[in-house]
Amino acid sequence: MNKLSTILVAVDFSTGSRSAYEQAVRIAALTSAKVHVLHVVDSAAVATLAASREEPFETHAKVASEGASSALSQWMAQSPAPGNYEVTIALGTPLHEILEHARTLNADLLVAGIAGAGEMPAGAGSISSKLARKALMPVLLVRTNHPQPFRKIVACLDFSENSRAVVQQAQSVASMEGGEVDFLHVWQEPWAAMAYPTPFADTSLPSVVYSPIEREAFIEGLRKELHEFVGDAAKGIASNEVLHEGGSHGNGIAAHAEESQADLIIIGGKGRTNLRYVLLGSTAERLLTRLACSLLVVKLNAENI
């Protein structure tokens, strides 16, 4: 994260966004980046209130925005202040406004709480999940009550081109934080993945059966591929190369993160759609529902941070 210049952090006064804000401030201090703090007043809520009182929308929008501005100043005063920052109060749909401000600012990093006002005990909230899927830049979703450095980092690798950016990010974060990285590859037995249903039962049997020797050779091949893929990124940092056998990639990542008491998972996003949004692959989608730590989503066409 040594190339950051602009960090956008979206806050909603929740405990989750408090952690996100404090992480953004902490990272900005390490990278000399400018912090843009954004709070969005939900226009739908304002419209409902105005209609219920039979009063003009503009009147309630002005009062709500002024109140939010005052509340945000008091809220920010309870945490360490960023050295270089700007505050924006926007009126609109929260998801749309956050994405538009991130795009307009050309933010290098978008930061949000992993759980917003709903305070979900595990897993990403609705807006944070959509930010991870749709933002064009890297997105850091911060676990509630975790403004501390990321000491244990799990970098999830599938040997794709996008995973190279994950390796670089992991090396960068570990160097900055003095942390340890598990370069993780979750694998499934290819012979099990090729199972087909039998005609007389709901269960499936592998169509190909491998011997223990062939299985060990397959694992050794993965171990070599992982080592070569990580390459020089492991130099100068504490790291481990980990193969984890799992029924699914998302579950395997979540299980290893829990076992290793990870502070941060780094995972790659997928390519752009014709809507100009970046969508995550199915592995990351499933992972979002199980998160017990912070998550950094690296986008395929985004510049490295």
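No value in this document is a laboratory result; all are computed from the given coordinates. Please read these numbers as outputs of a predicted model, since none were measured by experiment. FYI the Cβ positions are ideal-geometry reconstructions off the backbone, even for glycines, and counts take in every protein chain you see.
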Span from the the range 15-35 Cα centroid across to the the range 39-80 one, whole angstrom: 24
Hits among aspartates and glutamates - C-alpha to C-alpha of Lys130 under 14 Å, sequence gap 8 or more where chains match: Glu97, Glu100, Glu285
Under 29 Å from the Cα of Lys224 - lysines, other chains or at least 8 residues apart: Lys152, Lys235, Lys270, Lys299
Under 11 Å, Cβ to Cβ, from Glu245 - net charge with Lys/Arg +1 and Asp/Glu -1: 0
Cβ-derived FRET efficiency at R0 35 Å, Thr59 paired with Asn251, nearest 0.05: 0.10
